[in-house]
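The values are calculated or read from the model by the stated rules, or taken from the named source; none is laboratory data. Every value quoted in this text rests on a predicted model; they were computed, and no experiment measured them. In this analysis, Cβ positions are derived from the backbone assuming ideal geometry, glycine residues included, and neighbour counts consider all displayed protein chains.
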Amino acid sequence: MGTNTWSEREAAVMAGSTAVPLQEFIASLDNTCLPRILQVCSGVYFQGSIYEISGSEVCFSTGDLVKVTNIELLSVSCEDVANSETFELPISHTGLFKVVPEEMPYSTVEEMVSLRPVGLDSCLPFTFTSHSKMTFGNLTLGAGRALTVLSVERHEGQEDQVRCLVRGQQEASAEVCIPISSRGTFFECESEERFTLREIMSSPSLRSRRFRFVNAAKCDRPLILSPVYHVQALMNLRKNVVKFPSSLEVDVVDVTELCKDVNFIVPLSLSEVHAEPHESFPGVVEIIEDPETRSLFKCAWLPELRKNGRLIFHKKGTSPMILLSTVKSRKTPQYFLVSQQYGGRFRRRPREFNSAYELYVASIHSPGLKVSVTRNCEEVEEEGLPALSVGEQLEVVRCDRMVLPCEGQVGQKQSVEALLCHRLQESDDEDDDDDDETDEVQQKDEKEEIFLPLYMEGHFVEVLGDNKKYKLSDLGKEFSLPLDVKVVGRDTELEKDPLFGFSCLRIEAAMLEPTIQASLVDRPDCCFEIPTQWLSMSVYFTKDSLPWPKDQPPKCQVERVTEVADTFFYEFRKLGNSDADPPPRPPKRNMSSSAPPKKSKASKKSKKADKSKHQLDKSIPTKQFSDLTLNNKKRPPAPPPPTNEEDEPPPLVPRKHSAAELTAGKALPNTYVQMRESTKKVIMPNFEDVDSDHDYETVDDSLAVMMKTAQENVMHY
């Protein structure tokens, strides 16, 4: 329908129809006659003004079309006739009401009967009086006599009559039939009939009456009761269904018959589009609302989704996908949603682990996990930490418990969760000529059991046993996730494979996503899949024809790799790992014990590795060097105080050295030595010979003797 045509029709409707208040019009409807199309004529809510009502924004302008689709009775508005004050009662209100007799007289019996509620069991009897004498055949009734209507008698070919009960003196009573067309001056008497709000609102005749509470303590004044409906409607180019109360002070005109051909746009979210029947596809849709500003996607087709833009929705379905991420070492990690139709080839990459807990989590999905140690670990006996050397291989067996040698806070031995592993010993070089069977037997005999507490930090890399190339679908069948891979063969059907070239990718998870296969109107063969649960956008189906000959759809090339933002990854992780347990904490030690943690001797292989990597000065004992290393996080205990300050020198506290000093195999002397006040002397370095290989300090003889004694004490500490 053209704009000019509709404007002319709009003017004709508003000029030739009688407007009624919205409240009155809605009260005359029921759900059986819906939907109805209304046109806004005038009122408080017009000219684009926006009002928030019960959490919904309502904007009515003069000339707007409103398609009412549903009404629901919410409450009843009660207006006090005496002072015009109003209040609302819920429709579930349990109080009862009595009809207030009308002060104006009725001219016929039929008029009184017609105002009684229809369909209610309590509509009869009711009582009225006549201000004039009435004669019916041989029966004459005096003025002021009360008559109670018992029933309405209808006979074919005869006039309808009402059967009334007349009470005489001394409780005598008689029944009389009065023609319904009898004329006179009749007044209704107050009845003992009681009605609920729901009964009153269900009868149009009762809604026109005035009521008072049966309990006069609440309000004995007459009340006018009006229903308040919750109206649901559609408006052209509105995002959602409009909801508003029927009490809005707006005048409307019913234009249903005139506007049958008006197309009201029904906005749909992508999830609602996915719920549409398959027969709705393919179809052309128009975007009503842009996708969210903070998008979860970083792809080429996202900027094309703009308001008033058009797309072709080819079909809906459920697509198996995987979530890929680049390795953590990259400064800007990237994330990809990849369809399982991806045609590239993958090769497994060893995973890296930074704690025993990570090993445990990985071993649950990968039984028989083997790793190699990539960084030395010192043994701490009290905390249950074993010594590990670079190059050692471990096979994860199971999660078990181990008893720590140190006592807890309650003075008892502590038990912690630990990972039971087999330390796989390597054969010596001279045994290379032995046959394979001998090597296998020897390897079984050389398996050593060690425990790694789950709170232990370490550095491990996975040991892989194959070098095969896999399809994406095969990886999901043969291995558990997460899995580190590398693309070694690009997808030849893609113009540019965004996954090819990364040194390592991690398959985080596999999922089944409801998707809509879509394309731009000008490129119908270049399709992409929209995950409906991760993109918020409103569209509606247009009546535009598809841009290809009938029954000759184009051969679509579907984009198989979609880059997503880091927010997508974090939101996905929150959905999947909300109940994951945190890594365990180290046990609490008994603080009353001042003994330092004991470090046991490392294995022979560990000693051999340390000896080959670090050539230490023979003048520095191994124990002293271990106390000076930066890796030792616990301080050595303070030496006992001297018994005689005059005879024994104060202890020498070892100072921390840099890594460069340690690797050089030389520990510098400690210059922070406590001295007696009488022997203190300023010690300055000698800067005269800048080319010298050594730094010398000038001390007097007594101080030199003291330092020598202190040094000997430290060497044997």
Unique match (being of a type in the set (D, E, K, R), closer than 17 Å to R506 by Cβ and modelled with pLDDT of 90 or more) among R375, R351, R347: R347
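What residue, of T374, T318, is within 29 Å of the chain's Cα centre (by Cα), surrounded by fewer than 18 Cβ atoms within 10 Å (Cβ to Cβ) and of a type outside the set (K, R)? Give the derivation first.
Values: T374 fails: within 29 Å of the chain's Cα centre (by Cα).
Among T374, T318, only T318 is within 29 Å of the chain's Cα centre (by Cα), surrounded by fewer than 18 Cβ atoms within 10 Å (Cβ to Cβ) and of a type outside the set (K, R).
If you scan segment 324-365, which residues turn out to be in a loop (DSSP other than H, G, I, E, B) and either of a type in the set (A, V, I, L, M, F, W, C) or surrounded by 17 or more Cβ atoms within 10 Å (Cβ to Cβ) (or both)? Full working, then the answer.
From segment 324-365, those in a loop (DSSP other than H, G, I, E, B) are 327-334, 340-344, 349-351; that's our starting set.
Answer for segment 324-365, where residues must be in a loop (DSSP other than H, G, I, E, B) and either of a type in the set (A, V, I, L, M, F, W, C) or surrounded by 17 or more Cβ atoms within 10 Å (Cβ to Cβ) (or both): V327, Q334, Y342, G344, R349, R351.
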Mind listing whichever residues of segment 250-283 are within 17 Å of I530 (Cβ to Cβ), surrounded by fewer than 17 Cβ atoms within 10 Å (Cβ to Cβ) and hydrophobic (A, V, I, L, M, F, W, C)? A275
Taking the residues in segment 168-193 that are within 26 Å of S226 (Cβ to Cβ) and part of a loop (DSSP other than H, G, I, E, B) as candidates, determine which candidate is modelled with the highest pLDDT. C189
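If the requirement is being among the β-branched types (V, I, T) and modelled with pLDDT under 60, which of these qualifies: V441, V416, V461?
Values: V416 fails: modelled with pLDDT under 60; V461 fails: modelled with pLDDT under 60.
Criteria check complete, one pass: V441.
Of the residues that make up segment 406-416, is at least one charged (D, E, K, R), in contact (Cβ under 8 Å) with a residue 24 or more places away in the chain and more than 29 Å from I507 (Cα to Cα)? Can you show your working first?
Going residue by residue through segment 406-416, those that are charged (D, E, K, R) are 407, 413.
With the extra rule that they be in contact (Cβ under 8 Å) with a residue 24 or more places away in the chain, the set shrinks to 407.
Next, from what is left, pick out any that are more than 29 Å from I507 (Cα to Cα): 407.
Yes - at least one qualifying residue is present in segment 406-416.
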Test each condition in (1) part of a helix (DSSP H, G or I); (2) modelled with pLDDT under 85 for I26 and report the one that comes out false. (2)
Of residues in segment 559-587 being surrounded by 10 or more Cβ atoms within 10 Å (Cβ to Cβ) and over 29 Å from the mean Cα position of the chain (by Cα), the one modelled with the highest pLDDT: P586
State the number of residues belonging to segment 289-314 that are at pLDDT 85 or above, surrounded by 13 or more Cβ atoms within 10 Å (Cβ to Cβ) and under 27 Å from L65 (Cα atoms). 2
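Of the residues V152, V162, which single one is touching a strand residue (DSSP E or B) at 6+ places or on another chain (Cβ under 9 Å) and in contact (Cβ under 8 Å) with a residue 40 or more places away in the chain?
On the way: V152 fails: in contact (Cβ under 8 Å) with a residue 40 or more places away in the chain.
Result of the check over V152, V162: V162.
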Only one of (1) loosely packed, with under 12 Cβ neighbours inside 10 Å; (2) modelled with pLDDT of 80 or more; (3) assigned to a strand (DSSP E or B) fails for E52. Which number is that? (2)
Residue hits (segment 509-534; crowded, with 19+ Cβ neighbours inside 10 Å and either without any contact (Cβ under 8 Å) to a residue 60 or more places away in the chain or touching a helix residue (DSSP H, G or I) at 6+ places or on another chain (Cβ under 8 Å) (or both)) are T515, I516, I530, T532
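Do any strands (runs of 3 or more DSSP E) entirely within segment 68-165 hold 3 or more residues that are modelled with pLDDT of 85 or more and within 30 Å of V242 (Cα to Cα), and if so, which? Can you show your working first?
Details: elements: 86-90, 97-99, 106-108, 126-130, 134-136, 139-141, 146-153.
Filter on segment 68-165 gives 86-90.
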On the basis of being of a type in the set (D, E, K, R), outside the structural domain of S84 (by TED's automatic domain parsing) and either at pLDDT below 80 or surrounded by 15 or more Cβ atoms within 10 Å (Cβ to Cβ) (or both), does R207 make the cut? yes
Search result, residues across segment 544-571 that are without any contact (Cβ under 8 Å) to a residue 60 or more places away in the chain and assigned to a loop (DSSP other than H, G, I, E, B): W548, P549, K550, D551, Q552, P554, K555
I'm trying to understand the selection: among the residues of segment 306-327, which are under 26 Å from E508 (Cβ atoms) and of a type outside the set (D, E, K, R)? G317, T318, S319, P320, M321, I322, L323, L324, S325, T326, V327
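Within segment 93-110, which residues are of a type in the set (V, I, T) and either buried (at least 16 other Cβ atoms within 10 Å of the Cβ) or in contact with a helix residue (DSSP H, G or I) (Cβ under 8 Å, 6 or more places away or on another chain) (or both)? Quick ask: steps written out before the conclusion?
In the first step, residues of segment 93-110 are kept if they are of a type in the set (V, I, T); the result is 94, 99-100, 108-109.
Within segment 93-110, V99, V100, V109 meet the criteria.
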